[in-house]
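Please read the structure below before turning to the comments.
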Amino acid sequence: MNKTWIKEHWLEILLCVGIVIQIGALAVFNLTRLPYESNYDSSCAYAQIVEMWRQKRILLKDWAYQTTLGIDSPVLLGALFYGITKNAFTAFGLANIVTVIVYACLFYDILKQADVKKNMRLLAVLFLLTPYSTGQLGYMPMLFTSAGSYAYKLLVPLLLIDILVRMHKGQEIKKYWYLILFATFFVFDTAVSSGEYILLCAVLPLIGYEILHVLIGNDIKQIFNKRLGFLILESAIYVVGIKVGRRTGIIESVGSQMMLTKAKHFPSVIAKCLTGIFQLFGGIPDYEDIPVTQTYGMMYLFRFFLAAVILASWIYLLKHLKENEKYKELVGMITCIFAVNLIVLIFANVNYATKTFEYRYHLISMIPMILLTSIAASDLWEKRKLLEQTIVLVTIVLLLFVNVYDYKNYMRDCYNYQGDMQGITLTAEQEGVHLIITIGSESISMGRCMRNVNPNVEISTWGGYNHGVGWGASTYYFDNAHLKTPYMVLMTQKEYELMPKQIAKQLEEVQVFGIFRLYRVKENVLDGDNTLPQSGTNRDFCYSSGYEYWGKMESDGNVLSSGKKETVLRSNKKKIEKDATYDIVVHYEVIQAKEDSAATFRVRNAQDEIIAEQEMPKDATKITIKDVSVITGMEWVRYRINAEKGSKIRIRSIETIAQ
């Protein structure tokens, strides 16, 4: 390698070194920092890959999904890596590294097919891998670290763009058949997982561009071309994927949360939508008191400038499209995607909790937009004028500076009580306990992250002593019939004080970890699910959610009747989701009784009809009512126990067993 070659290729070498360092930093982060970065959302993806490997299935049993099925992210690949490593963080980190490499190669290939100069292709990759925003829903966690929730969704428009650019050049399909296979897979995968979102915001805009391309060419016969045929075929596959997703029940159960924007909110929504682009790229802080004279404040200005460069590149190319006609297809496709996404984000109310604009939605249009920075920079650089080349060099210098500063902070700023979590799970394991239930709002986030710390200890997160929290979590242990004793409970002192005394008295404190207290439970005392089970058994206690009692609630949670002829216990209204048949087992103890029957157990429906009843003999400790049939037309059923006069009966629990 001589000095002449280095002199000719110095910019290419600089950009290449920058990209290698970026990929190295992302590899180190994904392999070492995910445990410390784990949060409420990402921990759900880590737990999901573990459960997928355990169950050996994609559609999980006893699992409450979040807004989507989640398989249009590195989850599938992560599950395979988990089978090898048996470590959720390492497995997901490896899957994220593969994603980074795929994106870098795909970006480079699109620009290569568009005949962009080699050195400027690298500039777009450098732009792509810059850690602009790193919050829980920021640029990096949505793509290359954390759960990578948008990683596979975005491959759909990028792969389709790559294929269409090749088709416009007249390449033979045999040269890129593998891209078509990958595109088809990700189209179907995304459709099953996320529904219509990418079809509307990525596939249909490309169809719109191809139709516009024909109309501008003024030859309607060209409407029957292989590009449109290919996109229509992919759209059909997408629709099939949506149907399959609805058959799983996931898309249907979650539903869409988008609502149309009210007319009076249009000005503010338009402003939020445009500023959301700069928020995505870390150019606008989440809070106001940041002095711009400090390094931290100046970085926001630099990232704002880089976001402006991306938008300016698009505007520049639109203005000089005649001079850069060979790029018109790429610019046109990206423009259509950007326009459709802006319209969707303005007309649909995508504010989180009606306040914060969901700027991550801009990823669908802004990632393809980054491709245009290389074309604009190449055009400016080729002019060989001092001003234009200075603009390009200043952009590269700022880009490198932002990378160094933000990667350093990203590596350093992750912390989530990892030490406490390891101590808690280790304490449980040493005592032979393999289940911890976290209770209360302050414990939920920690409990979710703790699920992935120790593979030998299960974690179930509950909002209260009788309310299991789903949303990206296993629901298996919400049904107390699955709670195998002994287990432990983790909560704050505040949550402990809010617990019913009959439950709190049965908890034995083990150790304090910061604000959290770990308790030992010798008996099964919690119930987070009192619905009619779809399968298996569900056990209700007298203090289960929605239950009412008349008599005395004892310290162990049982109810003792007063000896009067009265209702002792009445359950909640149990909604009937589908026609089913159940066996019902009532556990009790008779203290005294004047008659052979101490009480009567009845099941009533919403029409107040008795659909099952059985007397409770004084010399028995349980009764079983066989084959109780319920149908959806009944709406709901309710259990009731009526004691006879002079009978003192202690009610322990009621089991509902699906047949």
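The values are calculated or read from the model by the stated rules, or taken from the named source; none is laboratory data. This one's a predicted model, so the numbers in the text were calculated from it and none came from an experiment. Positions of Cβ are backbone-derived with ideal geometry, glycine not excepted, and every protein chain shown enters the neighbour counts. Protein only, heavy atoms only, side chains kept; ligands, DNA and RNA dropped before computing areas. Shrake-Rupley method; radii C 1.70, N 1.55, O 1.52, S 1.80 Å.
Would you pick out the residues in region 53-72 that are touching a helix residue (DSSP H, G or I) at 6+ places or on another chain (Cβ under 8 Å), open to solvent by 10 Å² or more (accessible area, probe 1.4 Å) and at negative phi?
Within region 53-72, the subset touching a helix residue (DSSP H, G or I) at 6+ places or on another chain (Cβ under 8 Å) is 53, 58-63, 65-72.
Still in the running and open to solvent by 10 Å² or more (accessible area, probe 1.4 Å): 53, 58-63, 65-68, 70-71.
Selection gives Trp53, Ile58, Leu59, Leu60, Lys61, Trp63, Tyr65, Gln66, Thr67, Thr68, Ile71.
Just checking, which of Gly229, Gly208, Gly217 is touching a residue at least 40 places away in the same chain (Cβ under 8 Å) and surrounded by fewer than 22 Cβ atoms within 10 Å (Cβ to Cβ)? Can you show your working first?
Details: Gly229 fails: touching a residue at least 40 places away in the same chain (Cβ under 8 Å); Gly217 fails: touching a residue at least 40 places away in the same chain (Cβ under 8 Å).
When all the criteria are applied, what remains is Gly208.
For residues in region 562-577 being at pLDDT below 90 and in a loop (DSSP other than H, G, I, E, B), which is least open to solvent (accessible area, probe 1.4 Å)?
Filtering region 562-577 down to residues at pLDDT below 90 leaves 562-567, 577.
Still in the running and in a loop (DSSP other than H, G, I, E, B): 562-565, 577.
Details: Ser562: 59, Gly563: 17, Lys564: 131, Lys565: 144, Glu577: 118 Å².
Filtering region 562-577 for residues that are at pLDDT below 90 and in a loop (DSSP other than H, G, I, E, B), the one least open to solvent (accessible area, probe 1.4 Å) comes out as Gly563.
Here are some residues: Asp109, Asp72. Which one is out of contact with any strand residue (DSSP E or B) (no Cβ under 7 Å at 6 or more places or on another chain), of a type in the set (D, E, K, R) and at pLDDT 95 or above? Before you say what the answer is, go through the steps one by one.
Numbers: Asp72 fails: at pLDDT 95 or above.
Step by step, each of Asp109, Asp72 is checked, and only Asp109 is out of contact with any strand residue (DSSP E or B) (no Cβ under 7 Å at 6 or more places or on another chain), of a type in the set (D, E, K, R) and at pLDDT 95 or above.
Sort through Leu181, Leu154, Leu200 and tell me the only one that's farther than 30 Å from Phe89 by Cβ, aliphatic (A, V, I, L, M) and in contact (Cβ under 8 Å) with a residue 60 or more places away in the chain. Reasoning before the result, please.
On the way: Leu181 fails: in contact (Cβ under 8 Å) with a residue 60 or more places away in the chain; Leu154 fails: farther than 30 Å from Phe89 by Cβ.
Answer to the selection: Leu200.
Suppose we filter region 86-113 for residues that are open to solvent by 10 Å² or more (accessible area, probe 1.4 Å), outside any loop (DSSP other than H, G, I, E, B) and in contact (Cβ under 8 Å) with a residue 12 or more places away in the chain; how many remain? First the steps, then the outcome.
Keep residues of region 86-113 that are open to solvent by 10 Å² or more (accessible area, probe 1.4 Å), which gives 86-87, 89-90, 94, 97-98, 101-102, 104-106, 108-109, 112-113.
Those still in the list that are outside any loop (DSSP other than H, G, I, E, B) too: 89-90, 94, 97-98, 101-102, 104-106, 108-109, 112-113.
Of the ones still in play, those that are also in contact (Cβ under 8 Å) with a residue 12 or more places away in the chain are 89-90, 94, 97-98, 101-102, 104, 106, 108-109, 113.
Total meeting the criteria: 12.
Are any of the residues in region 44-52 out of contact with any Phe, Trp or Tyr (no Cβ under 8 Å at 6 or more places or on another chain) and either open to solvent by 30 Å² or more (accessible area, probe 1.4 Å) or closer than 23 Å to Ile198 by Cα (or both)?
no
Filter region 31-43 down to residues that are in a loop (DSSP other than H, G, I, E, B) and open to solvent by 20 Å² or more (accessible area, probe 1.4 Å) and give me whichever is nearest to Leu143 (Cα to Cα).
Of region 31-43, the ones in a loop (DSSP other than H, G, I, E, B) are 33, 38-41.
In the following step, the residues that additionally are open to solvent by 20 Å² or more (accessible area, probe 1.4 Å) were identified as 33, 39-41.
Details: Arg33: 16, Asn39: 16, Tyr40: 17, Asp41: 14 Å.
Taking the candidates together, the pick is Asp41.
Within region 114-160, work out how many residues are of a type in the set (S, T, N, Q), open to solvent by 20 Å² or more (accessible area, probe 1.4 Å) and touching a Leu at 6+ places or on another chain (Cβ under 9 Å).
Qualifying residue count, region 114-160: 2.
Name the residues in region 482-511 that are part of a helix (DSSP H, G or I) and open to solvent by 20 Å² or more (accessible area, probe 1.4 Å), would you? Break it down stepwise before answering.
Start the filter on region 482-511 by keeping residues that are part of a helix (DSSP H, G or I), which leaves 482, 493-498, 501-504.
Within region 482-511, His482, Gln493, Lys494, Glu495, Tyr496, Glu497, Leu498, Lys501, Gln502 qualify.
Name the residue, out of Leu518, Leu532, Leu498, Leu490, that is farther than 26 Å from Gly440 by Cβ and at pLDDT 85 or above. Quick ask: steps written out before the conclusion?
Details: Leu518 fails: farther than 26 Å from Gly440 by Cβ; Leu498 fails: farther than 26 Å from Gly440 by Cβ; Leu490 fails: farther than 26 Å from Gly440 by Cβ.
Of Leu518, Leu532, Leu498, Leu490, the one residue that is farther than 26 Å from Gly440 by Cβ and at pLDDT 85 or above is Leu532.
Among Ser474, Ser445, Ser441, which is within 22 Å of Lys501 (Cα to Cα) and either open to solvent by 10 Å² or more (accessible area, probe 1.4 Å) or more than 20 Å from the chain's Cα centre (by Cα) (or both)?
Details: Ser474 fails: within 22 Å of Lys501 (Cα to Cα); Ser445 fails: within 22 Å of Lys501 (Cα to Cα).
The conditions single out Ser441.
If you check Ile270, Ile343, which single one turns out to be open to solvent by 30 Å² or more (accessible area, probe 1.4 Å), out of contact with any Leu (no Cβ under 7 Å at 6 or more places or on another chain), among the β-branched types (Val, Ile, Thr) and at pLDDT below 90?
Working: Ile343 fails: at pLDDT below 90.
The match here is Ile270.
Quick one: how many residues across region 542-561 are open to solvent by 10 Å² or more (accessible area, probe 1.4 Å) and either of a type in the set (A, V, I, L, M, F, W, C) or within 22 Å of Phe478 (Cα to Cα) (or both)? Let's see the steps before the verdict.
Residues of region 542-561 open to solvent by 10 Å² or more (accessible area, probe 1.4 Å): 543, 545-556, 558, 560.
This time we only want the ones that are either of a type in the set (A, V, I, L, M, F, W, C) or within 22 Å of Phe478 (Cα to Cα) (or both), so: 543, 545-548, 550, 553, 556, 558, 560.
Matching residues across region 542-561 total 10.
Does Gly536 fit the bill of being in contact (Cβ under 8 Å) with a residue 40 or more places away in the chain, on the phi > 0 side of the Ramachandran plot and either out of contact with any Lys or Arg (no Cβ under 8 Å at 6 or more places or on another chain) or open to solvent by less than 50 Å² (accessible area, probe 1.4 Å) (or both)? Can you show your working first?
Details: in contact (Cβ under 8 Å) with a residue 40 or more places away in the chain: yes; on the phi > 0 side of the Ramachandran plot: yes; either out of contact with any Lys or Arg (no Cβ under 8 Å at 6 or more places or on another chain) or open to solvent by less than 50 Å² (accessible area, probe 1.4 Å) (or both): yes.
The answer is yes for Gly536.
Yes/no matrix, rows are residues, columns are (1) closer than 28 Å to Met411 by Cα; (2) in contact with a Gly (Cβ under 8 Å, 6 or more places away or on another chain):
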position: Tyr103; (1), (2): yes, no
position: Ile110; (1), (2): no, no
position: Tyr132; (1), (2): yes, yes
position: Gly148; (1), (2): yes, no
position: Val156; (1), (2): no, no
position: Val165; (1), (2): no, no
position: Glu172; (1), (2): no, no
position: Leu181; (1), (2): no, no
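Check whether at least one residue in region 603-623 is touching a residue at least 12 places away in the same chain (Cβ under 8 Å) and in a helix (DSSP H, G or I), and report yes or no.
no
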